[in-house]
Amino acid sequence: MDVVFSVIIPVFNEEAIIGELHRRLTAVMNSLGEPYELLFINDGSRDGSLAGMREMVGRDPHVRVLDFARNFGHQIAITAGMDHARGQAVVIIDADLQDPPEVIPELVARWREGYQVVYAVRARREGETFFKKATASLFYRLIRRITNVDIPVDTGDFRLMDRQVVDALGTIREKHRFVRGLVSWVGFRQVGVPYVRHERMAGETKYPLKKMLKFAFDGITSFSFLPLQMATYLGFAVSGLSFLVICWVLFQKLIGRQPLEPGWASVMTAVLFLGGVQLITIGLIGEYVGRIYDEVKERPLYILNEELGVAASAPSRVRA
Ligand code: UDP
Ligand code: MG
């Protein structure tokens, strides 16, 4: 029988959680009464996660596993999941049970009403640091302002997508992926469902500050030229200011009553300030150039080490 629901779960060092995750997902998916698959993506875990998944494949025919050759990152992992999912509706959910599987039936209900993307909106976030919540909140509002894509605020990757949407996303192969932005970009009928985001069940966040910053910058550069435009504005502002200072200096030099002092302080200030502005600007351009470089190399998005579970022998729609 054809699979109706695919659940995509990216996993990076989550050995303490996957047993409980499997139990809760199974209960929820069974309650829906349609054929389903649980598609785990092992994103280069270095703990016992893969062993745990292998064991699950052995006893549950619903489970499939894609094992990456190394850690490629969360956004790439969910992309691989979408490439390999076979369901009519595809759900993305975090492995750490911050997104409760029990919300899935609500997403499915809206899908049955005809919505092609049903995204879960974090009405409340429990057990996360003030810093994480504050920066996340700021980021979602910033990206919404500076892009012309309608990206909903306080929404992660926890969502359900219709087959049509997943197929459309499959045609987008850009490297620095901000998946939730791409889902907004493709369009279709979309609706949000509020939920309470819980505390991580066990283990630590797999998004340290460095990854979070990269993720935020990928999101912004994928959908906006504003940083480059800001560099231009800054250039004009600084040039305008410089012009005024130059006029003043010339005036003093030519018709000022007193000769100019050596002026070490003013020269240093100007040099350092301009140097800083130039470096920031070059850095911004570099961010975009680096991303262009990554695109033209045309490397595949990910490399699979192994595929386990029902479809391991059947050809899947790999479009790496
Ligand atoms: N994850 C992944 N690869 C990574 C980092 C994270 O597959 O390089 C997975 C992780 O196992 C989890 C999900 O992505 O299922 C979200 O990560 P996490 O919960 O650590 O992020 P947070 O909720 O703290 O933002
Ligand atoms: Mg989490």
Exercise for the section: Quick one: which residue in ARG59, ARG110 is at pLDDT 95 or above and surrounded by fewer than 23 Cβ atoms within 10 Å (Cβ to Cβ)? Expected result: ARG110
Completion exercise
Pairs returned, first residue in the stretch 196-212 that is open to solvent by 40 Å² or more (accessible area, probe 1.4 Å) and modelled with pLDDT under 85, second residue that is more than 11 Å from ligand 2 (Cβ to nearest atom) and not in a loop (DSSP other than H, G, I, E, B), beta-carbon separation under 7 angstrom, 6 or more apart or interchain, are MET201/GLU20
Handout entry: Members of the stretch 207-236 found to be touching an Asp or Glu at 6+ places or on another chain (Cβ under 8 Å) and not β-branched (Val, Ile, Thr), listed by number
Key = PHE217, SER222, PRO227
Practice task
Report yes if some residue within the stretch 117-140 is within 15 Å of ligand 2 (Cβ to nearest atom) and modelled with pLDDT of 90 or more; otherwise report no.
Solution key: yes
Exercise for the section: Report whether or not ALA216 is under 13 Å from the mean Cα position of the chain (by Cα) and within 16 Å of ligand 1 (Cβ to nearest atom). Expected result: yes
Fill in the blank from the handout: When every residue in the stretch 22-40 that is among the hydrophobic types (A, V, I, L, M, F, W, C) and in a strand (DSSP E or B) is compared, the one farthest from the chain's Cα centre (by Cα) is LEU38
Fill in the blank from the handout: Selection over the stretch 76-103 where residues are in a helix (DSSP H, G or I) and under 16 Å from the mean Cα position of the chain (by Cα) yields a count of 7
Fill in the blank from the handout: Restricting the stretch 1-12 to residues that are part of a loop (DSSP other than H, G, I, E, B) and open to solvent by less than 40 Å² (accessible area, probe 1.4 Å), the one nearest to ligand 2 (Cβ to nearest atom) turns out to be PHE12
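Matching residues to (1) surrounded by fewer than 12 Cβ atoms within 10 Å (Cβ to Cβ); (2) touching a Cys at 6+ places or on another chain (Cβ under 9 Å); (3) among the acidic types (Asp, Glu); (4) outside any helix (DSSP H, G or I):
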site	(1), (2), (3), (4)
GLY219	no, no, no, no
LEU228	no, no, no, no
TYR233	yes, no, no, no
GLY240	yes, no, no, no
CYS247	yes, no, no, no
PHE251	yes, no, no, no
GLN258	yes, no, no, yes
Practice task
Hey, can you tell me all the residues within the stretch 87-96 that are more than 19 Å from GLY203 (Cβ to Cβ) and either at pLDDT below 95 or in contact with a strand residue (DSSP E or B) (Cβ under 6 Å, 6 or more places away or on another chain) (or both)?
Solution key: GLY87, ALA89, VAL90, VAL91, ILE92
Handout entry: Criterion violated by GLN190 - all others in (1) within 16 Å of ligand 2 (Cβ to nearest atom); (2) open to solvent by 40 Å² or more (accessible area, probe 1.4 Å); (3) of a type outside the set (Ser, Thr, Tyr) satisfied
Key = (1)
Practice task
Those residues that are farther than 12 Å from PRO101 by Cα and either more than 16 Å from ligand 1 (Cβ to nearest atom) or open to solvent by less than 30 Å² (accessible area, probe 1.4 Å) (or both), I need them from the stretch 13-29; list them, please.
Solution key: GLU14, ILE17, ILE18
Completion exercise
Residues in the stretch 41-51 that are buried (at least 23 other Cβ atoms within 10 Å of the Cβ) and more than 21 Å from the chain's Cα centre (by Cα) total 1
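The values are calculated or read from the model by the stated rules, or taken from the named source; none is laboratory data. Owing to the predicted nature of the structure, the values given are computational and were not obtained by experimental measurement. Here the Cβ is made from the backbone with ideal geometry for all residues, glycine too, and neighbour counts use every protein chain on show. Note: accessible area is taken over every heavy atom of the protein model, side chains too, but ligands, DNA and RNA are not part of it. Shrake-Rupley method; radii C 1.70, N 1.55, O 1.52, S 1.80 Å.
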